[in-house]
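Just so it is clear, none of the values below were taken in a lab; they were calculated from the coordinates. Predicted model, so just to flag it, every value in this text is computed and none were measured. Don't worry about glycine lacking a Cβ; one is built from the backbone with ideal geometry, like all the others, and counts go over all protein chains shown.
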Amino acid sequence: MKKNVADVLVEMLVNAGVKRVYAVTGDSLNPVNDAVRRDGRLKWIHVRHEEAGAYAASMDAELDGIGCCMGSSGPGHVHLVNGLYDANRAGNPVIAIASTVETDKLGTENFQETNVTKLFDDCSKYCFMANTPVQAVHGFQAAIQHAIQDKGVGVVGLPGDIASAEAQESTTSLQNYFTTSSIIPTQDKIKELAEVLNSNKKVMLFAGHGCREAEVEVMQLAKKLKAPIGFSFRGKIFFDKTSNPYAVGLNGLLGSKSGFKAMHEADAVVLLGTDFPYTDFLPEKNTLIQIDIKPERIGRRAKVDYGYHGTIKDTLQAVLPHVEVNEDDEFLKEMREVHQDLEEKYQSYVTQKAEEEKIHPEYVASVIDKIATDDAIFTVDTGMSAVWAARYLKGKTNRYLTGSFNHGSMANAMPMAMGAGLGHPNRQVIALCGDGGLTMLLGDLMTISQYNIPVKIVVFNNRSLGMVKLEMEVEGYPDWQTDLENPDFVKVAEAMNIKAWEAKCGKDVKTALQEAFFHDGPALINIYTDPSALAMPPEIKFNQIKGFAKSMSKLMINGRSAEVIDSAKSNFKYLKELF
């Protein structure tokens with residue numbers, strides 16, 4: 001039996017290491033659907049919304065090297081865009097197949113027609129529209145290779161008639177090539193880097209996701225230099241461990257006082273594998289050194305004095321023999337004391353009593369940290385859920401933490417957990433979801449149910465868009481249109497055949513989480529957290545205090561004094577740190 005183009009596509013995906021495709025089938029995508037069915041080596045995951053499929057495919061890529069999602073003509077593949085933006089910015093190799101109208105209908109404003117290359121150009125490393133069977137095979141190979149090598153999204157527009165057409169002989173390779181080359185600066189640059197490190201006594205290391213494979217080398221460098229280690233949100237799970245004697249916390253919007261202070265009081269800061277976006281939190285007066293596998297990132301966030309192109313692991317292995325031992329550990333001790341003091345304050349917030357349906361989210365996050373397994377995979381929604389994850393989730397033997405840290409989208413945690421749960425069913429997968437984020441893609445709870453994906457969905461149900469509310473208040477606006485009327489999430493989950501628990505009082509939290517985490521199958525835990533809870537950034541500017549006071553005054557004038565009082569009561573623990 002002769003192969004059609006869809007058959008060749010399936011073969012190439014299998015050869016590249018793809019295990020699953022996430023899609024909603026229909027019209028122009030049906031030939032691919034049928035090829036997947038006949039081949040039998042790929043699992044088709046029928047998501048309820050293509051955006052969820054794109055996020056799940058991104059998680060496949062982040063954890064296991066490659067992922068794949070598909071969308072049918074027009075509206076179907078348009079839904080992929082948000083998840084693909086996230087994957088592309090996170091550096092996750094995802095193959096996206098955008099099936100579309102037949103070739104003789106292209107350019108005629110046909111029903112459900114889109115311009116695929118224009119649509120996906122900004123959220124991909126490679127985007128190609130196949131107009132012939134031979135072009136399609138070339139496009140598949142190029143898309144997969146670009147996604148792997150450039151670490152991002154490869155998109156192929158595939159008209160339905162091309163997908164079902166007989167495949168023709170092509171000179172293009174049907175396999176793809178994963179390279180593991182070492183990338184290090186030249187010897188003179190390694191010598192220069194060592195000289196810079198040796199000439200500064202107060203050095204701070206700031207580690208990002210690029211240190212994922214270089215934990216040992218970063219720790220060795222910190223030991224030699226007596227250097228505190230700060231980290232970005234994507235880097236924290238590798239270094240934010242109670243056993244790490246160099247950890248001083250995060251810097252940035254969700255950062256801590258100790259992480260900010262260490263960075264600004266160091267003589268030299270080494271940015272390791274991080275494209276840290278919060279330029280307002282970066283220092284300007286000390287020496288900045290940046291090492292990154294992507295040279296185009298060097299210096300684009302801060303005034304870098306020394307930039308080096310290389311993978312973190314290889315570069316540090318090359319420079320470590322030339323680094324002298326720093327005998328002076330006063331700077332490290334001082335920063336660690338600040339960090340330890342802050343950690344104790346965070347734990348004190350956990351023990352404070354809460355009213356019914358106003359459970360402290362800090363307490364919830366701390367319980368999750370304590371009872372989750374040492375190799376748990378955490379996915380985190382953007383918003384206040386991310387704040388509590390940043391403050392309370394710690395690294396253990398093989399934990400992993402991810403979220404929409406580059407794109408900053410809502411609704412990412414639950415679909416990311418789908419991908420993690422399918423790829424790693426023997427590990428505990430926990431999604432920390434905001435109620436706003438969860439309701440955006442609520443239908444894909446049914447995908448979790450249908451495939452019995454053993455994820456644990458923790459809903460921080462504060463009945464509001466908490467981060468947006470805080471943003472408005474610090475800018476001097478009274479919060480408006482941030483409140484949410486939520487369904488009963490327990491009943492929703494149970495209607496979808498997902499076991500569910502609920503906590504309205506603090507005393508119920510631990511039992512609900514423990515039972516749900518060790519339930520054999522998917523589970524949802526609906527926790528009524530305090531809607532007034534907020535968190536302070538590591539540096540508070542006067543205009544933020546002024547704006548917050550201004551917004552509270554406006555609320556009082558508009559008859560919302562009870563909310564102002566609740567906010568003050570809930571957050572006095574943070575507000576008192578300002579003075």
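How high is the relative contact order of the chain, in percent, with contacts defined as C-alpha pairs under 8 Å that are six or more residues apart?
This gives 12 percent for the chain.
Given a cut-off of 19 Å, name the pairs among 236/510; 236/261; 191/313 whose C-alpha atoms lie farther apart than that in the structure shown.
Beyond 19 Å between Cα atoms: 236/510.
Find how many whole Å separate the alpha carbon centroid of segment 175-220 from the alpha carbon centroid of segment 83-156.
About 34 Å separates the Cα centre of segment 83-156 from the one of segment 175-220.
Using label points projected 7 Å from each Cα along Cα→Cβ, tell me how many nm separate residue 149 and residue 118, to one decimal.
For residue 149 paired with residue 118, the spin-label model returns 2.9 nm.
I need the GluC sites (Glu not before Pro) found in segment 142-194, filtered to DSSP loop residues with at most 12 other beta carbons within 10 Å of theirs.
Of the GluC sites (Glu not before Pro), the ones in loops of segment 142-194 whose Cβ has at most 12 other Cβ atoms within 10 Å are 169.
Considering only DSSP beta bridges whose two residues both sit in the chain, what percent are antiparallel, to the nearest 5?
5 percent
Do any chymotrypsin sites (Phe, Trp or Tyr not before Pro) in segment 256-354 lie in a loop, going by DSSP, with at most 15 other beta-carbon atoms within 10 Å of their beta carbon, and if so which?
Hits after loop and neighbour filter: 278.
Quick one: which of 257/394; 3/125; 19/396; 202/224; 3/105; 223/333 span more than 20 angstrom between C-alpha atoms?
Among 257/394; 3/125; 19/396; 202/224; 3/105; 223/333, the Cα-Cα distance tops 20 Å for 3/125; 19/396; 3/105.
Can you tell me which aspartates and glutamates have their Cα less than 14 Å from the Cα of residue 491? Leave out same-chain residues fewer than eight positions away.
Reachable aspartates and glutamates: 502.
Could you line up 58, 181, 170 from fewest to most neighbouring Cβ atoms inside 10 Å?
With the fewest neighbours first, 58, 181, 170 line up as 181, 170, 58.
Using 0.36 nm per residue, how much length does the chain from residue 161 to residue 303 gain when fully extended, once their Cα-Cα distance is taken away?
Stretched fully, the residue 161-residue 303 segment lengthens by 45.9 nm.
Let me have the relative contact order for segment 289-345, percent, based on Cα pairs under 8 Å that are six or more residues apart.
About 26 percent, as a whole number.
Give me 178, 231, 120 ranked fewest to most by other Cβ atoms within 10 Å of their Cβ, as a rough exposure proxy.
178, 120, 231
Quick one: net charge of residue 437's neighbours, Cβ under 15 Å, K/R +1, D/E -1?
Here the charged neighbours net out to -3.
How high is the relative contact order of segment 467-514, given as a whole-number percent (alpha carbon pairs under 8 Å, six or more residues apart)?
Contact order relative to length: 19 percent.
Could you please state, rounded to a whole Å, how far the C-alpha centre of segment 491-534 is from the C-alpha centre of segment 423-448?
Answer, in whole Å: 13.
Output ³J(HN,Hα) for segment 161-169: one whole-Hz value per residue in order, computed from phi by the Karplus curve 6.51 cos²θ - 1.76 cosθ + 1.60 with θ = phi - 60°, and x for Gly and Pro.
6, 6, 4, 8, 6, 5, 5, 10, 4
With charges set only on the Cβ (+1 for Lys and Arg, -1 for Asp and Glu), what does the dipole of the chain come to about its Cα centre, in debye to the nearest 20?
900 debye
Answer with one residue from 281, 366, 382: the one whose Cα lies farthest towards the positive end of the charge dipole of segment 270-406, charges on Cβ with Lys, Arg +1 and Asp, Glu -1.
It is 382, whose Cα lies furthest towards the positive end.
Can you list residues whose amide H is under 5 Å from residue 100's amide H, if they're 5+ apart or on another chain and H is modeled 1.01 Å from N?
158, 160
Please order 501, 388, 480, 44 by the number of other Cβ within 10 Å, starting at the fewest.
Ascending Cβ contact count within 10 Å gives the list 480, 44, 501, 388.
For segment 38-136, which GluC sites (Glu not before Pro) are both in a DSSP coil and crowded by at most 11 other Cβ atoms within 10 Å?
Loop-located and lightly packed - 109.
Can you run phi through the Karplus equation (6.51, -1.76, 1.60; θ = phi - 60°) for segment 309-322 and list ³J(HN,Hα) in whole Hz, with x for Gly and Pro?
8, x, 6, 5, 4, 5, 5, 5, 4, 6, 8, 4, x, 9
What shape does the chain take by its C-alpha gyration tensor, where a ≥ b ≥ c are the square roots of the eigenvalues and a/c under 1.5 counts as rounded, a/b above b/c as prolate, and the rest as oblate?
Taking the square roots of the gyration eigenvalues as a ≥ b ≥ c, the chain is oblate.
Kindly provide the helix-only [θ] at 222 nm of the chain, computed as the sum of -39,500 (n - 2.57) over DSSP H runs of four or more divided by all residues, to the nearest 500 deg cm²/dmol?
When only DSSP H runs of four or more count, the value is -12500 deg cm²/dmol.
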